[in-house]
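The values are calculated or read from the model by the stated rules, or taken from the named source; none is laboratory data. All figures in this text were calculated on a predicted structure; none of them were measured in a lab. Here the Cβ positions follow ideal geometry from the backbone for every residue, glycine too, while neighbour counts run over all protein chains shown. The protein model used for the area step is the full one, side chains on, heavy atoms only, and it has no ligands, DNA or RNA in it. Shrake-Rupley method; radii C 1.70, N 1.55, O 1.52, S 1.80 Å.
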Amino acid sequence: MSKSNKAACVDVDEAKEAKYQEVATAVRELYTEKEFNFNNEDFEILSTIRYDPLLTDTVDFSIMFDGSSDNSRLFFLFDEHLHRTNLALRYFGFGYQLTRLQLLSRLNEALAPLDKSHAYKLRLTIAGNGEANVTVQAAPHRYNLLDGFNTQGNYTSPVWNVFIDTEPILISPFTSFKTTRRQRYTESRERMLVKDSPDPQEVLLYNTANQVTEGSITNIAFRDKYSEADTWITPELSSGCLCGVVRHMLISKGLVKEKQVNIKEVKVGDEVLLFNGIIGVVKGKIMDRSLFPPKY
């Protein structure tokens, strides 16, 4: 990498680090250290990262994976993942940080035997002893990862069915950060999703104060019903929602704004945006779960 490119990376890293320090402050204010003791908790830090050759116009596979160049642009929001992961490592007191080169090397190592003309979902887990593992599975092609912002006529992806959970979620650092402690999300999905549905679907979660938090595998945004402008709003970190990488990027770029959403204001038929680091941004619609009877 040239000196100018290295300097640019440093500038990007410092800017993102400053933004994530704001996130860290918000999370610390939400939870007290006395309330949560992680010493006896068995969990790993988790991040799911999209590899996609369509993220760059030209890819020379003979040089992009030989370790001599920075191919981080082939991983959707690579820098966001790096800084969010290190924020979680600090918060939970793991005692070490992940360098840019370490993350890139592990991702490239996992992709080494695969056909790099396809898109993949890389699931990164980091244990308390510093051991990092990456598993890989195929991901569907997405020609526009921000497709959800298109008008309905220009939208090319499926619209997700979104069902409101019947029980509130108890927020904790395990909802604000992505870890392998995902039982509460699994329970919501088992309770609400339609078995064997051919359509993509999601569960809308809310906390015990009736504040919307997120989806079971996505962050979420709603049209602001109290604004004359066409504004998208996403729940604040104080709701206990995940500090997702796409959420952070969309807020930083002014595409969505933070605002608390009460679950009682969410109505069947409402259009929403769903987003995470694998699917990007897609459209969803709040649906009446009773219209989807269980299959036997």
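A few remarks follow.
- Modelled spin labels at THR231 and TYR96, positioned 7 Å past Cα toward Cβ, are 4.5 nm from each other.
- Database remark: amide H of ALA139 closer than 5 angstrom to the amide H of ALA119, TYR120, LYS121 (H placed geometrically; neighbours at sequence offset of 5 or more, or on other chains; Pro and chain starts carry no H).
- Whole-percent carbon and sulfur share, accessible surface of the chain, 1.4 Å: 51
- Cα convex hull of the chain, projected area averaged across orientations, nm²: 17.3
- Per residue value of the accessible surface for the chain (all protein chains in place, 1.4 Å probe), Å²: 51
- Cα gyration tensor, the stretch 94-175 - rounded (a/c under 1.5), prolate or oblate: oblate
- Prolate/oblate/rounded call for the stretch 147-291, Cα gyration tensor, a/c under 1.5 rounded: rounded
- Extension gain for ALA18-SER252 works out to 83.1 nm (0.36 nm per residue, less the C-alpha to C-alpha distance).
- Taking GluC sites (Glu not before Pro) in DSSP loop conformation with at most 13 other Cβ atoms inside 10 Å as exposed sites, the chain has its longest uninterrupted site-free stretch at 132-227.
- Mean ellipticity per residue at 222 nm, deg cm²/dmol - from DSSP H runs of n ≥ 4 across the chain, formula -39500 (n - 2.57): -8500 deg cm²/dmol
- When each of the peptides 193-200, 84-91, 285-292 is scored by how many other beta carbons lie within 10 Å of its residues on average, the order from highest to lowest is 84-91, 285-292, 193-200.
- Over every Cα atom in the stretch 45-138, the radius of gyration and the widest Cα-Cα span, Dmax, amount to 13.2, 40 Å.
- In Hz, Karplus ³J(HN,Hα) per residue of the stretch 229-242 (6.51, -1.76, 1.60; θ = phi - 60°; x = Gly, Pro): 6, 7, 10, 9, 10, 10, x, 6, 4, 5, 6, x, 6, 5
- Centroid-to-centroid separation of the stretch 277-293 and the stretch 192-227 [C-alpha atoms, Å]: 7
- Between VAL261 and VAL212, GLU236, the built amide H atoms are under 5 Å apart, and every one of these is 5 or more places off in sequence or on another chain.
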